[in-house]
1. Over 30 Å from residue 207 (Cα atoms), surrounded by 17 or more Cβ atoms within 10 Å (Cβ to Cβ) and out of contact with any Leu (no Cβ under 6 Å at 6 or more places or on another chain): is that true of residue 49 in this structure?
2. In the stretch 351-378, which residues are touching a strand residue (DSSP E or B) at 6+ places or on another chain (Cβ under 9 Å) and in a loop (DSSP other than H, G, I, E, B)?
3. Considering (1) within 30 Å of residue 182 (Cβ to Cβ); (2) within 23 Å of the chain's Cα centre (by Cα), say which one residue 80 fails and leave the rest.
4. Looking at the stretch 288-303, I want the residues that are more than 18 Å from residue 211 (Cα to Cα) and have a partner that is at pLDDT below 95 and surrounded by 16 or more Cβ atoms within 10 Å (Cβ to Cβ) with Cβ atoms under 6 Å, at least 6 apart or on another chain. Which pairs are those?
5. Take residues that are touching a residue at least 24 places away in the same chain (Cβ under 8 Å), touching a Gly at 6+ places or on another chain (Cβ under 6 Å) and more than 25 Å from residue 295 (Cβ to Cβ) and tell me which of the helices (runs of 4 or more DSSP H) falling wholly in the stretch 50-136 contain 3 or more.
6. Kindly list, by first and then second residue, each pair from a residue in the stretch 187-211 that is touching a residue at least 60 places away in the same chain (Cβ under 8 Å) and part of a loop (DSSP other than H, G, I, E, B) to a residue that is crowded, with 18+ Cβ neighbours inside 10 Å and among the basic types (Lys, Arg), limited to pairs with Cβ atoms under 8 Å and residues at least 6 apart or on different chains.
7. Hey, among the residues in the stretch 395-447 that are closer than 26 Å to residue 181 by Cβ and β-branched (Val, Ile, Thr), which one's surrounded by the most Cβ atoms within 10 Å (Cβ to Cβ)?
8. Among the residues of the stretch 312-343, write down those that are touching a Ser or Thr at 6+ places or on another chain (Cβ under 6 Å) and modelled with pLDDT of 90 or more.
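The values are calculated or read from the model by the stated rules, or taken from the named source; none is laboratory data. This structure is a prediction, so every number in the text was calculated from the model and none was measured. Virtual Cβ from ideal backbone geometry, glycine too; neighbours counted across all protein chains shown.
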Amino acid sequence: MAAKKLVILGGGESGVGAALLGQAKGYEVFLSDRGSLKEDYRTTLQAAGIPFEEGQHTEERILDATEVVKSPGIPGTVPLVQKLKDQGTPVISEIEFAARYTRARLIGITGSNGKTTTTLLIYHLLKTAGLNVGLAGNIGDSFAEQVINDTFDYYVLELSSFQLDDMYQTRLDTAVLLNITPDHLDRYGYNFQNYVDSKFRILQNMQPDSSFIFFQENQPILDGLTKRGPSVRRLPVSLETQPVPGGYLRDGQLTAQCDNRTFQIAQDETPLRGPHNAINMLAAVLAALSVGVGDEAIAEGLRTFQNAPHRLEPAGTINGVQFINDSKATNVDSVFYALSSMTSPTIWIAGGLDKGNDYSQIEELVRRKVKALVCLGADNHKLVAYFEGKVPVIYETQRVQDAVARGLALGQPGDVVLLSPACASFDLFKNYEDRGNQFKAAVQALVNSQQ
């Protein structure tokens with residue numbers, strides 16, 4: 001019998017991992033990337049003897065596939081993918097492909113905001129408890145490459161809506177849905193319901209004894225649960241009520257109850273601040289409890305956690321003015337969480353490529369907390385027009401060094417300069433990491449000049 005033909009579209013971390021797994025499982029593999037491959041990925045494929053092309057898609061060869069693994073970065077609407085679907089060729093994600101070949105228990109996390117923090121925290125809690133656990137999905141090393149040897153008992157998977165869109169049979173043992181707010185609507189026909197439906201795919205194939213952890217004050221989640229009525233073990237997280245089982249914040253105490261166990265810790269004992277991080281931590285604790293992690297390991301893990309960069313990351317203090325890098329805040333909802341966490345007068349640096357932002361949801365917070373707005377973008381007119389008259393000082397620039405210097409000049413000891421852009425970074429920077437790194441470098445240069 002001829003080997004099944006597996007075509008991989010996209011040669012990034014997930015694509016190259018899927019190619020290696022496909023080869024290990026006896027597929028005839030071909031990888032195709034319309035762009036150019038990173039040098040180390042090219043070397044990996046060459047060393048494995050896997051045929052590939054870059055700079056083009058040879059349609060005839062791709063349409064001949066038995067099955068296609070598609071990069072999450074490629075929209076399902078592109079003509080080549082449509083042709084594959086029209087002829088009945090399965091098009092799946094790397095997660096879907098890899099999940100076939102693992103015996104491990106799977107914990108999946110999605111949400112418009114907070115999923116990287118929560119994923120890293122769950123991974124850290126399980127590692128602290130001594131469990132044999134892998135980290136994959138939208139973060140870390142390729143899931144597919146890790147399951148070639150399949151040595152882990154658990155995988156913690158960060159799942160974007162784009163990955164969920166191409167998952168069909170994967171079954172999670174624990175699923176976390178943090179929130180659903182308008183994002184990536186350009187990929188969903190500018191229809192918010194399409195995006196909501198995509199996020200709810202995390203529940204597909206779950207069993208009645210599977211744990212579903214969700215934030216119950218998010219209306220789209222509540223509406224979706226009412227509509228779908230999934231048969232799963234529900235573990236809600238709340239900032240307003242005290243669900244049992246579930247998790248809640250009251251008087252600064254985080255409390256989580258699951259399987260007749262109660263875990264408590266003061267949020268002040270952890271490195272994560274703000275109400276959004278209370279949600280993230282409660283979700284992570286419930287996920288850890290759902291797989292039997294002990295209280296001591298959870299407490300130790302919460303105290304020793306270090307978050308990923310560019311998420312409310314301290315960037316330095318000059319003359320009593322604290323600088324915070326929240327470059328990952330590429331939508332208004334993220335800025336809402338960031339400003340909610342601020343307990344000092346704030347100079348807010350915002351701007352970039354606007355994805356159709358509605359600033360009304362943060363207007364009241366901005367009026368209360370922001371003493372000055374520094375607009376850092378190629379085109380700031382929308383930000384300026386909205387906040388004129390609502391913020392005492394508005395300043396515009398296209399240089400991050402200038403934005404940092406102006407923030408310091410406007411600040412008093414005890415104030416915070418917060419980079420939380422609400423926008424994509426592609427107008428002036430390569431990506432949000434580049435923006436955050438340039439911000440941190442500019443702060444460090446000012447620190448050095450003061451010495």
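1. No, not satisfied.
2. 351, 352, 354, 355, 377, 378
3. (2)
4. 302/270
5. On the way: elements: 59-63, 79-86, 94-99, 115-128.
Passing ranges: none, list empty.
6. Qualifying pairs under 8 Å: none.
7. 417
8. 326, 329, 335, 338
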